[in-house]
Number of protein chains: 2
Amino acid sequence: MKYGIVAFPSKKFQDLANTYRKRYDSHYSKITPHLTLKEAFEADEKEISKISKTIASIAENHAPLNIHASKVSSFFPITNVIYFKVEPTDQLNKIHQDLQQQLNIGEPKHVFIPHFTIAQDLTETEHDDIYGQLRMIGVDEQEVIDRIHLVYQLEDGSWTTYETYRLTGAE
Amino acid sequence: MKYGIVAFPSKKFQDLANTYRKRYDSHYSKITPHLTLKEAFEADEKEISKISKTIASIAENHAPLNIHASKVSSFFPITNVIYFKVEPTDQLNKIHQDLQQQLNIGEPKHVFIPHFTIAQDLTETEHDDIYGQLRMIGVDEQEVIDRIHLVYQLEDGSWTTYETYRLTGAE
């Protein structure tokens, strides 16, 4: 079964991201807007209870995440993904690193660039056109996310939450 | 903000339900297959932390739920909803009742009939046609669900998990 670890922002922020995702993101209906902390990995049902305990202990050592989505950016030409760029912080890097090292499942495919995807699977022309528009509109949202979620994927590509973990650490 | 309390079955069961929902359920992309334990209710962000604590204490007093989806049924003529009927049990009635009484938010709109919706918003002709087919195929799935989820709704109608609660009680 395929699992991932994500942080969902506030309803207000998700509603904002969805105004774009609805039109431009092929994964719009598969999961609500999120910041990926650990990319999709395979685990079976026996492994997952151990994994879940590890995530719980990591969450106990991390404070709620301060998030600042500061501009619209793109991964082009690597992929045609347009996203809300989240300012990198030691806090975000640390939780990503802890999840990566303590779970020790699979190498990360990419360098960790915290973001909320708002468009993907566009043609190159669509990408250039939409990226130009969205970059001008921009984004400037700050908030605190106090929990993270372990999610799993169904056969149709949609994601269900397996468990939530509150970030209750001091920093 | 609109909240609800649901139980998600196993991935296998969700995949089965989605083979029908994909074609027949207008809410297919809004939430993955689930059994509703408490219908949608309004709460603000201050109220929800108290509500969440109450749900946590209820979850501690209930054991994992034994679910038996035994046949395909329909709420016609009340609504054109086709569903996997879940055999009523004292356990399911009790947790529904506890959530209703201890949260004390809104009267239930319907008698509690535990089910997984697989089709809705059909015309009467579609309903009759599809119900006939699905009733013949039937369903017979038994499983144990060991957690419940508090979910909230975004403006586009989709649902995100706010918190999960493990059912850790003795019975």
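The values are calculated or read from the model by the stated rules, or taken from the named source; none is laboratory data. What you are looking at is a predicted structure, and each value in this text was computed from that prediction instead of being measured. Don't worry about glycine lacking a Cβ; one is built from the backbone with ideal geometry, like all the others, and counts go over all protein chains shown. Protein only, heavy atoms only, side chains kept; ligands, DNA and RNA dropped before computing areas. Shrake-Rupley method; radii C 1.70, N 1.55, O 1.52, S 1.80 Å.
For the stretch A:105-153, a drop of 20 Å² or more in accessible area on going from the chain alone to the assembled protein chains (1.4 Å probe) is found at A:147, A:149, A:152.
Accessible area per residue for the protein assembly as shown, computed on protein heavy atoms with a 1.4 Å probe, is 50 Å². Here is the list for the stretch B:31-124: trypsin sites (Lys or Arg not before Pro) lying in DSSP coil, each with at most 10 other C-beta atoms within 10 angstrom of its C-beta, are B:109.
For the chain pair B and A, the interface hides roughly 2100 square angstrom of accessible area in total, found with a 1.4 Å probe.
Taking each residue as 0.36 nm, the span from residue B:97 to residue B:136 lengthens on full extension beyond its C-alpha to C-alpha distance by 10.8 nm.
Normalised by 2.2 N^0.38 Å, where N is the number of residues, the alpha-carbon radius of gyration of the stretch A:81-121 equals 1.31. Rounded to the nearest 20 debye, the dipole size of the stretch A:2-166 about its Cα centre is 340 debye, using +1 on the Cβ of Lys and Arg and -1 on the Cβ of Asp and Glu.
Taking 7 Å steps out from each Cα toward its Cβ at residue B:124 and residue A:30 produces label points 4.1 nm apart. When every Cα-Cα distance of the protein assembly as shown is counted in 10 angstrom steps from zero, the calculated P(r) takes the values 5, 23, 32, 25, 12, 2 percent. Shape analysis of the stretch B:72-171 yields a ratio of the Cα radius of gyration to the Kirkwood radius, Rg/Rh, of 1.00.
Seen against the Cα atoms of chain B and their longest principal axis, helix B:90-103 is set at about 50 degrees. Need the per-residue list for the stretch A:1-22: every residue with at least 40 Å² less accessible surface in the complex of protein chains than in the chain by itself, probe 1.4 Å, sorted by number. Those residues are A:11, A:15.
In chain B, the longest principal axis of the Cα atoms and the axis of helix B:11-24 are about 50 degrees apart. A 1.4 Å probe over all protein chains sorts A:144, B:81 by accessible area into A:144, B:81, starting with the largest.
Can you pull the semi-axes for the stretch B:4-67, root of five times each eigenvalue of the Cα gyration tensor, sorted largest first, whole Å? Before the final figure, lay out the partial values.
On the way: eigenvalues 141, 58, 11 Å².
Semi-axes (√(5λ), whole Å): 27, 17, 7.
As a test of the formula, what do you get for chain A when each DSSP H run with n ≥ 4 contributes -39,500 (n - 2.57) and the sum is divided by the residue count, at 222 nm and rounded to the nearest 500 deg cm²/dmol? Please report the intermediate quantities before stating the final value.
Numbers: 4 runs with 58 residues, N = 171.
So the helix-based figure for chain A works out to -11000 deg cm²/dmol.
A Stokes-Einstein calculation at 37 °C with viscosity 0.692 mPa s, built on the Kirkwood radius of chain B over Cα pairs, returns a diffusion coefficient of 198 µm²/s.
Between 0 and 90 degrees, the angle of helix B:45-60 with respect to the longest Cα principal axis of chain B falls at about 80 degrees.
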